[in-house]
Amino acid sequence: MHPITVDNLSKSYGGQMAVNAVSLSVDAGETFALLGPNGAGKTTIIEILEGYRKRDSGTVSILGFDPQTAERAFRERIGIVLQSTALEPDLTVRETIDVYARFYPRPLARDDLLSLVGLADNAQKRVSALSGGQQRRLEIALGLVGDPDLIFLDEPTTGLDPDARRNIWNLILELNQFGKTILLSSHYMDEVEALAHRIAVLVDGQIVAEGTSHSLREIHGGYTEIRFHVGNDDLPGSFPAPLRQITFIERGWAVLEARNPTPVLADLTKWAFSQQFDLAHLSVTQPSLEEIYLTLTRGRRSERDGRGAK
Amino acid sequence: MLFWQTLYQLRLFSRRPAALFFVIIMPLIMFVVFTVLFGNELIPGTEVTTAQFYAPALAVFGAVQACYTYLAVSTATARDQGVLKRIRGTPLAPITYILARILAVTAIAIAAVLVVMVVGILFFGVAVFPEKLPMAAISLFTGCFSFAALGMLVCALSRSSETTQAVVSATLLPLAFISDVFIRPFREIPQWVTTLSDIFPLKHFSTSFSHAFRADKAGSGFNWIIGDEIYAALPNLAVMAAWGIAAAAIAAYTFKWDPKGEI
Ligand SMILES: Nc1ncnc2c1ncn2[C@@H]1O[C@H](COP(=O)(O)OP(=O)(O)OP(=O)(O)O)[C@@H](O)[C@H]1O
Ligand SMILES: [Mg+2]
C-alpha cells in the first residue's frame, strides 16, 4: 500500500480553484516533490494531506488514514515541517525538543536528533538567538522527533543561503536512506532534482507534468540544442536551406533545435568543413530542467492569460 | 502529559518579564501605593480599613490579569506565531493543551493572590478568618475558571494578538473601576452603575473573595441569602459560573488554531 494516495483532489477558495483535480501516489521510501511557482497550490495540497485543511472533493489516504478525521494514531506516524517558522522564542533548543518529544510514544533521543540536524553545539541557546538556517533545522528536528514514517517538508530551504541549503539537502538525503517517505515542496528545480525520486510540476492547482527528472527531460524537453557563435555576421548564403529552417539567431548565436541531433550535426559539420567555416564555440546541449520547468509554467500561464483576455 | 504541559506553560511565563510584572508585581504595587496614599484607616461610613479593602480587591485583580489578560494574549500570540498550529499537528490532544494553559494561569493567579494577601497580612493588618478561608478558595477557583473561559472566548473571537490585547484591556479596565477593585466606596454610587456592574462577573469575584476577609460579614460564606452583615458568596459563585460555562461553550465552538482560521 502507498503511504500517500491522492485521487482527484480539489479545493477552492471563494470560487477560485487552489487545487484542481490532483491525483498522485507516493511509494514507501520515496522522496516525492511538488514543484511550482508562488500560489501554485503546494501548501494547500500538503496541508490537506496533513489534516490542517478540509478538501472540497476527492479522496486522500495517508498511511491508511483519512487525515480529515484521523487523530492521534495518524499524528504519531507523520512529521510536519510547515512553510513558516513557528517556534517559541523564549525557550532553548534543548527545551523545545524535550517539549515535543513527550508527545510521541517512541521519540528519538534528543542528543542524536540534535547532532543529526547539526545543532548539537547550540543546544543551550535560546531559539530567538538562532540564525534563520538554525531555526529551520530546529523545525526539521521537531518534525523528526517522533520518528515518523512519513515526513512533510513545505519549502524546507526557502530563504536560506547556499551553504545552509546544502546542509538541509544532506539531511533530507540521509532521512531517505533511513527509509523515510518524504513529500516536499520547492520552488527550485536544482533542489528537487537533487532530492526527489519523482517530481510533480504544479501550476495553478494542476499537475502539468510528473515523473523522474529523467523522464521530464525526455518528454518535455526531448530536443537537443546545437549552437555556435556568429557574432554580428549573418549566416553565409551557402548555409543549407534545411538547416536554416530549424535555426534562429539569438544575441550573436546561431541556435538549432532538433529532436534527433545526429543527422543535423552531420549536415552542419559537413557544410562547415567544406566551406572552411569556423563553428566558433560549438556546443550540443540538452535543455536544463530549469528551462523545462520555466517552459512548462510559462506556457501554462500565458495560455490562461490569453484565454482571460478574450 | 497534562502535568508536563502545565509546567511548560509556567516556564514560558517565567521567561516573560513583562507578564510577570503585570500579573504579579503591579497588583502588589497598586495595593501598597493605594494603602499608603489613602492612609490605612477605617474607610468613612464602613468598618473596613483601606488595606482590608484593597488587599483582596487587588488580589482578585492579579488573578484576573493572569486568567483573563495573560491567558488571552499569550494564547493569541502563540497562535500568531504558528505555535498553536504546530501543536495541533502533533499527537497531543488539543483539550490537554488548552487545559494545561488554564491550569498554568490558575497557578499563576494563586501566586498573585498570595503575594498581595501575605504582604497585606504581614504589614498592613489585614485580618484572616479561618472559617471563611474555604469559601475564599472556592471563590478564587470559580473566578479563575470564569475569567479563563472569558479569556479563551476573547482569543477565539479575535483574529490577532493585537485585537485580543485591545479587547481585553477595553473590557477589564472600565469594569475594574466600577466593580470595587480599583476604587474604594466613597459615596453613594448611581443605581445604573451598580446594576451594570452586577451583570458582569468581576464584581461578583471581588465581592465573594473580599468578604472572606471582613470582620463585619458573619458566617462561612456558604449562604444564598445576601444581607449587610452576612458573608453569602453562593449567588456570586452562581453568576461567575454562568458566565464561565457560557463563555467556555462558545469558545470551544469557535476557537481556531491557526491565524488564517482554517482549523
Ligand atoms: N486560506 C486561504 N484563503 C484564501 N485563499 C487561499 C488560502 N490559502 C491559499 N489560498 C490561495 O490558494 C492558492 C494556492 O496557495 P498555496 O499557498 O497553496 O500556494 P503555494 O504553492 O504554497 O505558494 P507559495 O510557493 O507561495 O508558498 C493561491 O492562489 C492562494 O491565494
Ligand atoms: Mg506554500
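Overview of values
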item: From the options B:Val23, B:Val60, B:Val33, residue that is of a type outside the set (Phe, Trp, Tyr), under 30 Å from A:Thr92 (Cβ atoms) and either without any contact (Cβ under 8 Å) to a residue 60 or more places away in the chain or in a helix (DSSP H, G or I) (or both); result: B:Val23
item: Test result for B:Tyr54, within 18 Å of the chain's Cα centre (by Cα), at pLDDT 95 or above and part of a helix (DSSP H, G or I); result: no
item: All positions within segment A:11-64 that are out of contact with any strand residue (DSSP E or B) (no Cβ under 9 Å at 6 or more places or on another chain) and more than 8 Å from ligand 1 (Cβ to nearest atom); result: A:Gly15, A:Gly64
item: Test: A:Ser283 is modelled with pLDDT under 85 and either within 33 Å of the chain's Cα centre (by Cα) or among the polar types (S, T, N, Q) (or both); result: no
item: Count of residues meeting criterion [within 15 Å of ligand 2 (Cβ to nearest atom), open to solvent by 30 Å² or more (accessible area, probe 1.4 Å) and on the phi > 0 side of the Ramachandran plot] in segment A:16-54; result: 1
item: Members of segment B:207-234 that are among the hydroxyl-bearing types (Ser, Thr, Tyr) and within 20 Å of B:Val181 (Cα to Cα); result: B:Thr207, B:Ser208, B:Ser210, B:Tyr231
item: Positions within segment A:142-155 being small (Gly, Ala, Ser) and more than 21 Å from the chain's Cα centre (by Cα), in sequence order; result: A:Gly146
item: Which numbered condition B:Leu71 fails, given (1) within 14 Å of chain A (Cβ to nearest Cβ); (2) open to solvent by less than 30 Å² (accessible area, probe 1.4 Å); result: (1)
item: A:Arg165 vs. criteria without any contact (Cβ under 8 Å) to a residue 40 or more places away in the chain and more than 16 Å from ligand 2 (Cβ to nearest atom); result: yes
item: Top-ranked residue of segment A:101-116 - restricted to ones that are more than 13 Å from chain B (Cβ to nearest Cβ) and part of a loop (DSSP other than H, G, I, E, B), ranked as nearest to ligand 1 (Cβ to nearest atom); result: A:Leu108
item: Candidate set: segment A:81-106, residues that are under 24 Å from the mean Cα position of the chain (by Cα) and open to solvent by 20 Å² or more (accessible area, probe 1.4 Å); chosen: the one nearest to ligand 2 (Cβ to nearest atom); result: A:Gln83
item: Close pairs (6 angstrom Cβ cut-off, 6 or more residues apart or separate chains): more than 7 Å from every other protein chain (Cβ to nearest Cβ) in segment A:83-100, not in a helix (DSSP H, G or I) anywhere; result: A:Gln83/A:Asp154; A:Gln83/A:Glu155; A:Thr92/A:Gln124; A:Thr92/A:Arg126; A:Val93/A:Leu119; A:Val93/A:Ala123; A:Val93/A:Lys125; A:Arg94/A:Ala123
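The values are calculated or read from the model by the stated rules, or taken from the named source; none is laboratory data. A quick note: this is a predicted structure, and the numbers were derived from the prediction, not measured. Methodologically, a virtual Cβ is constructed for each residue, glycine included, from the backbone with ideal geometry; neighbour enumeration extends over all protein chains shown. Please note that ligands, DNA and RNA were not included when accessible areas were found on the heavy atoms of the full protein model with its side chains. Shrake-Rupley method; radii C 1.70, N 1.55, O 1.52, S 1.80 Å.
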